[in-house]
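Enquirer: The structure follows.
The values are calculated or read from the model by the stated rules, or taken from the named source; none is laboratory data. Here the structure is a predicted model, which means the values were calculated and not measured. Here the Cβ positions follow ideal geometry from the backbone for every residue, glycine too, while neighbour counts run over all protein chains shown.
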Amino acid sequence: MTETGSTFILDALTAEGVTTLFGLIGEGNAHLIDATNDHDIAFRYARHEQVAVSMADGYARTTGEVGVCTLTHGPGVTNGATGIAAADRDNVPLVVLVGDTGFSGRETSLQYLDHITFTDPISVYQTRAETSDTIGETLRRAFSEARTERGPAIVELPGDIQKDPVPDDTYDPQSSTAQRVHADPETVDAAAAVLNSADHPVILAGGGARASDAADALTALAERLGAPIATTYFAKGLFDHDHPLHSGIAGTFMTPANDALLWDADAVLTVGAQLSGKSTRYGALYADADIVQVDLSPDALGRYRDPTIGVLGDARATVAALGDRIGTNPERVNRVEETIAETGHVIPFDEQSDGPCVDPRALTLAVSDRTAGDAVVAVDSGNNTGFPAVFHELDAGGQMLVNGNFGTMGYALPAALGAQYADRDRDVVCYMGDGAFMQVVQDVETAVRLDLPVVFVVLNDESYGIIRHRQDLEFDRVTAADYESPAFEQVARGLGARAATIRSTDDLGVLDEFLTDKPDVPLVLDVRTNPDIARPGFPPY
């Protein structure tokens, strides 16, 4: 009985490969956080629980590891719930340690909440450490569920367990080395037959392809099959943007290359991607095509549309197996490459920058030109979403962070913080609308405190832009979606960041200087954008 529960928990996190605990302190988790003073685990706090959870989310997405955060009970969990739900919808592995009151008088305490019931719809696993001698097994199961089910695992830690001695201080970690799940060979044969018989095959790569590191296998398959490789938002940066068979993002934010190639598809191979409304133009794309869906999760197969062939297996291993069964088609390869070269990824536009406002399309292209091809680009929800999707180019090694399956406002800022914390030398760019930025602006201070040189690009149209455009379309008037934004440059400087107001791409010298110096502070760009420009793909409904 040499350790308290809190010290044992931190030792267990270390054994699982965790180096950083994100969170926000409260009465419920104060003992756990205090123990980090005498431990190698670093505690990094945010100014709001939603931000703390999504920092762990951004860290997990960019490192491929389980993100870990801690919240206090009751209001701490309800504040953090949006971040938990965002990770759950996007299949991001997290372990969320909820510090609770002690066993005595729990249900009559001021901040009581049934955390297990509350988080059940927004997490893959929920558990409670009932005794000091079962903490180890409780944590081991949580890490196992987070890794295998790809989502948040909630662990409730009563105060007594955080303080009391642990009878057995040994911890055997849950193995983080997962075996690749190989698909049934007969199913792979059937899938290959569908693809071999197609005249216009298409490959759609999603987040599961990224998680499996399937880029090389997909490229080799495409080069045999003669198929364009389109991606969902989650997989942007999986391939070089100028690879001759890479046709860019498909669906709502359709590139010209995909517009030319995808409508005629008679067979679609989806790899770790969902045929959701956003990736299919709300069902218009691939309406008559055969679908071969490859996914590691049985729950994902047929979630949005029943596939012709559903293949349960690891993305990289399954694609490699398909490649062994696919014939070559040099003529089709040439045709697809020529179409992509002629059409490209960037939607043509007539720039509409006038005086006090800049065209967000031109602005995004200018930022893209200045940042590295392997940058992390965090993108928030709203009208701003479509501009980096189409106009910020990434090469292989780059990554987009977007809460594509829940649409959380305020997600991008903490995700960018988590990504930059994971790799301080990497370019990290965060695109947000002014509405979303106002919801989490306080945590610019977190970036300052943690010396994180994130570039925040606030596309400021002084409105909830996508709502405003929909109101114009549906009601012919705007209600409660227009407002005056504060002077974000002054706000950011008050929080300790560098900042500038941008009214033209000519004003981006401040970004050039920042990227050259790479100081240990963030840069906030208040970009005054033309409010009349809707994002690409609007209206999609």
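Enquirer: Could we say that residue 226 is out of contact with any strand residue (DSSP E or B) (no Cβ under 6 Å at 6 or more places or on another chain) and at pLDDT 95 or above here?
Expert: Here the answer is yes, as residue 226 does meet what is asked.
Enquirer: Can I ask one more? Name every residue in segment 118-149 that is of a type in the set (D, E, K, R) and part of a helix (DSSP H, G or I), in order of residue number.
Expert: Matches in segment 118-149: 120, 133, 137, 140, 141, 145, 147, 149.
Enquirer: To continue, here is another question. Please tell me if residue 476 is of a type in the set (Asp, Glu) and in a helix (DSSP H, G or I).
Expert: no
Enquirer: Output the residue which, of all residues in segment 468-518 that are charged (D, E, K, R) and on the phi > 0 side of the Ramachandran plot, is farthest from the chain's Cα centre (by Cα).
Expert: 476
Yes/no matrix, rows are residues, columns are (1) in a strand (DSSP E or B); (2) crowded, with 20+ Cβ neighbours inside 10 Å:
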position: 501; (1), (2): yes, no
position: 506; (1), (2): no, no
position: 510; (1), (2): no, no
position: 520; (1), (2): no, no
position: 524; (1), (2): yes, yes
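Enquirer: How many residues are in contact with a Lys or Arg (Cβ under 9 Å, 6 or more places away or on another chain) and closer than 11 Å to residue 378 by Cα if we restrict to segment 403-415?
Expert: Residues meeting the conditions: 2.
Enquirer: Being hydrophobic (A, V, I, L, M, F, W, C) and over 22 Å from residue 230 (Cα atoms) narrows it down to one residue among 415, 378; which is it?
Expert: 415
Enquirer: Please indicate, with yes or no, whether at least one residue in segment 417-429 is more than 24 Å from residue 532 (Cα to Cα), buried (at least 17 other Cβ atoms within 10 Å of the Cβ) and charged (D, E, K, R).
Expert: yes
Enquirer: Going through 414, 453 one at a time, which residue ends up being surrounded by fewer than 24 Cβ atoms within 10 Å (Cβ to Cβ) and outside the structural domain of residue 255 (by TED's automatic domain parsing)?
Expert: 453
Enquirer: So, of the residues in segment 446-467 that are under 29 Å from residue 21 (Cβ atoms) and assigned to a loop (DSSP other than H, G, I, E, B), which turns out to be nearest to the chain's Cα centre (by Cα)?
Expert: So, considering only residues that are under 29 Å from residue 21 (Cβ atoms) and assigned to a loop (DSSP other than H, G, I, E, B), the one nearest to the chain's Cα centre (by Cα) is 454.
Enquirer: So, restricting to helices (runs of 4 or more DSSP H) that lie completely within segment 358-445, which ones have at least 1 residues that are within 17 Å of the chain's Cα centre (by Cα) and modelled with pLDDT of 95 or more?
Expert: In segment 358-445, 386-391, 412-422, 434-440 are the helices (runs of 4 or more DSSP H) which contain 1 or more residues that are within 17 Å of the chain's Cα centre (by Cα) and modelled with pLDDT of 95 or more.
Enquirer: What number goes with the only condition from (1) within 25 Å of the chain's Cα centre (by Cα); (2) under 21 Å from residue 12 (Cα atoms); (3) free of Cβ contacts under 8 Å to residues at least 12 places away in the same chain that residue 120 does not pass?
Expert: Going through (1) within 25 Å of the chain's Cα centre (by Cα); (2) under 21 Å from residue 12 (Cα atoms); (3) free of Cβ contacts under 8 Å to residues at least 12 places away in the same chain one by one, residue 120 breaks only (2).
Enquirer: Also, quick follow-up: Can you tell me how many residues within segment 326-340 are surrounded by 16 or more Cβ atoms within 10 Å (Cβ to Cβ) and under 18 Å from residue 192 (Cα atoms)?
Expert: Residues meeting the conditions: 4.
Enquirer: A follow-up question, please. Check whether at least one residue in segment 220-227 is within 25 Å of the chain's Cα centre (by Cα) and assigned by TED's automatic domain parsing to the domain that holds residue 294, and report yes or no.
Expert: The answer is no; no qualifying residue exists.
Enquirer: Yes or no: residue 270 surrounded by fewer than 24 Cβ atoms within 10 Å (Cβ to Cβ), β-branched (Val, Ile, Thr) and at pLDDT 95 or above?
Expert: Spelling it out, it is not the case that residue 270 is surrounded by fewer than 24 Cβ atoms within 10 Å (Cβ to Cβ), β-branched (Val, Ile, Thr) and at pLDDT 95 or above.
Enquirer: Further question: So which residues in segment 413-429 are among the hydrophobic types (A, V, I, L, M, F, W, C) and more than 17 Å from residue 397 (Cα to Cα)?
Expert: 413, 415, 417
Enquirer: Which of (1) assigned by TED's automatic domain parsing to the domain that holds residue 450; (2) surrounded by 15 or more Cβ atoms within 10 Å (Cβ to Cβ) does residue 533 not meet, given it meets every other one?
Expert: Here residue 533 meets the rest and fails (1).
Enquirer: Mind telling me which of the residues 487, 481 ends up being of a type in the set (A, V, I, L, M) and without any contact (Cβ under 8 Å) to a residue 24 or more places away in the chain?
Expert: 481
Enquirer: Right, next: Quick one: in segment 161-185, which of the residues that are over 30 Å from residue 317 (Cβ atoms), at pLDDT below 90 and among the acidic types (Asp, Glu) is surrounded by the most Cβ atoms within 10 Å (Cβ to Cβ)?
Expert: Among those that are over 30 Å from residue 317 (Cβ atoms), at pLDDT below 90 and among the acidic types (Asp, Glu), it is 169.
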